[in-house]
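Reviewing the structure listed below.
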Amino acid sequence: MKYYRFPILAIVLFLLCIFWSTPVHAIQTTDAGAYPSSPNPSNPMTKSWFIYSLPPGKSKQDSVTIVNNTNKPITYSIYPVDAGVTKDGTFYLYQKSQQQTGIGIWVQMSLSEITVPPVSHKNIPFTITIPKHVTIGDHAGGIIFEAVSEQKATTGLTINIVSRLGVRIYETVPGKEIKKLNIQNFSDMTKNNTVYYSFQLQDAGNIYLSPVGTITTTSIFNHKQLITLANLGTIGIQKPNTYAINTKTSIPFFDIDAVTLHIISPQGATSTKTMSFLIYNTYTVITVCIFLILLLYGIIYSCYRKYKKNIQKV
């Protein structure tokens, strides 16, 4: 019998791997999770997000899944919202109190509230309808599950803790895509012997852009530096993002740099801007100025004493 232990053990481990393995979904926490109920097998991103390409006037029925991993029932309020992008490129879902003009009013949930039993999940159907008159290109939003729990503070007061789970929705209205990227307000600042370059990127098209880029500097002393901008986040359509890049350049006294900012996005939009900047070491400049002032004072004082002696001789 002992000759069969190894094959039997291998078969048992294989079966355990099959039946115990579970898919990993986005928007998961230790207590809860939310994700699309029926992802598209040909698009892995639909395991986390709803991705549509519906023409104007069309509707689609879909479903979102909410999971409760705790040993207590959780009651959620459910509502759709628009999405935005912060000035530094971070994607976020609107608050319920904010005005909704896109996904937030295009999506109609079948339920506005649901209680999910312990260690279970629920599917909530919804319908998304694209208006007949809508701009071509990308629109973003999401579905929010909001739970309110009470917790007593040490002072005896009861505090309401609001937690939100969100599932993103991306809708691209078919039509002519405009991919245009503008660089604005490119400038520099020197502080504590460090050069900072700041600039704004504006998505002047109709699809979301997620650019990367480089900053190349060449000084009059032939000192070259290449800075890679690996992650600039997402740029909001028609809304500029602001960036400040720290170059950590050691400046002996002053320098004049020819700086080229090159931005490219995987979506196909590019933009390049070259400018010249005078940079200087603040502490060194102050020290030199003080030295020159003292030197000038010494020269003037020396000339004054000579002039006074000449007058006395006369």
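Give the residue, chosen from I207, I215, I227, that is part of a loop (DSSP other than H, G, I, E, B) and not small (G, A, S).
On the way: I215 fails: part of a loop (DSSP other than H, G, I, E, B); I227 fails: part of a loop (DSSP other than H, G, I, E, B).
Checking each option against the conditions leaves just I207.
Name the residue, out of F199, F186, that is touching a Lys or Arg at 6+ places or on another chain (Cβ under 7 Å) and part of a strand (DSSP E or B). Step through it out loud before you land on a result.
Values: F199 fails: touching a Lys or Arg at 6+ places or on another chain (Cβ under 7 Å).
Just a single option satisfies the conditions, and that option is F186.
Table: residues versus (1) in the same structural domain as W106 (by TED's automatic domain parsing); (2) modelled with pLDDT of 95 or more; (3) over 30 Å from I105 (Cα atoms).
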{"site": "R164", "(1), (2), (3)": "yes, no, no"}
{"site": "N185", "(1), (2), (3)": "no, no, yes"}
{"site": "T194", "(1), (2), (3)": "no, no, yes"}
{"site": "L201", "(1), (2), (3)": "no, no, no"}
{"site": "I207", "(1), (2), (3)": "no, no, no"}
{"site": "S210", "(1), (2), (3)": "no, no, no"}
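Which one of these is within 16 Å of R168 (Cα to Cα) and modelled with pLDDT of 95 or more: S77, S63, S59? Can you show your working first?
On the way: S77 fails: within 16 Å of R168 (Cα to Cα); S59 fails: within 16 Å of R168 (Cα to Cα).
None of the others qualify; the one that does is S63.
The values are calculated or read from the model by the stated rules, or taken from the named source; none is laboratory data. Here the structure is a predicted model, which is why all the values come from computation and not from measurement. Note that we place each Cβ from the backbone using ideal geometry, even for glycine, and neighbour counts take in every protein chain shown.
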